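The values are calculated or read from the model by the stated rules, or taken from the named source; none is laboratory data. Note that the structure is a prediction, hence the values are computed from the model and not measured. Cβ atoms come from the backbone with ideal geometry, glycine included; neighbour counts cover every protein chain shown. Quick note on the areas: whole protein, heavy atoms, side chains included, nothing else; ligands and nucleic acids left out. Shrake-Rupley method; radii C 1.70, N 1.55, O 1.52, S 1.80 Å.
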Amino acid sequence: MTITITAFERSPDGGQGMARDMRVRWALEEVGQPYGVRLLSFKAMKEPAHLALHPFGQIPTYQEGDLALFESGAIVFHIAERHAGLLPDDPNARSRAITWMFAALNTVEPPIVDREVAEFLEDETWYEQRLPFIDERIRKRLGELSGRLGNADWLDGAFSAGDLLMATVLRRLEGSGILEEYPNLSAYVARGKARPAYKRAFVAQLAVFTAAPTA
């Protein structure tokens, strides 16, 4: 059965890998699963056909036969459970990798997204007042994560779905100057971006906006 995911027809980031379909693309590339992409306009995302797949009118969605999923974390988890390469075989290590998946999305990502919302959607004066508090929350989380990662390449031994999600979350800070305050986290993200599967996913997403051939 062919896997089909949805993605922005015109992403706000211009195909720079920040849209959440990137997580799903990367996961599929890591496990060697081919997939198709259905591009959606912002208007189409709010129409009944798409709302039947994603009740909140967002991307990505995942379809395979009769199965339809939404939420990037849930989709990555499904891919990791169905195919070897993103979760360890050892039961305890597997549970720890899943824990890091939840930590990336529930603990680390929320203040980072708050920063983006404040920067792009809120009144400038209000944003300037809120920014120091938001950045303090982000730095607290990054400091804790940095301390846990230490000099290791990945969060818990071998690369896992936990690292995939964490790296995509941390990428959202690129350009803010905050991530660079934690050299081991900057290096961690760079290792993720250097993986061949990530590069293939990035080229595929970027091709939507540049008409470049996908790799």
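Overview of values
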item: Helices (runs of 4 or more DSSP H) contained in region 1-56 and holding at least 3 residues buried (at least 16 other Cβ atoms within 10 Å of the Cβ); result: 21-30
item: Residues within region 57-82 that are open to solvent by 50 Å² or more (accessible area, probe 1.4 Å), in a loop (DSSP other than H, G, I, E, B) and either of a type in the set (Asp, Glu) or in contact with a Phe, Trp or Tyr (Cβ under 7 Å, 6 or more places away or on another chain) (or both), tallied; result: 2
item: Total residues in region 15-57, condition within 14 Å of the chain's Cα centre (by Cα) and at positive phi; result: 2
item: Checklist (1) farther than 23 Å from Pro12 by Cα; (2) more than 19 Å from the chain's Cα centre (by Cα) applied to Ile134, failing item; result: (1)
item: Filter result for Pro12 (under 13 Å from the mean Cα position of the chain (by Cα) and not aromatic (Phe, Trp, Tyr)); result: no
item: Helices (runs of 4 or more DSSP H) contained in region 98-215 and holding at least 3 residues modelled with pLDDT under 90 and loosely packed, with under 14 Cβ neighbours inside 10 Å; result: 109-121, 124-149
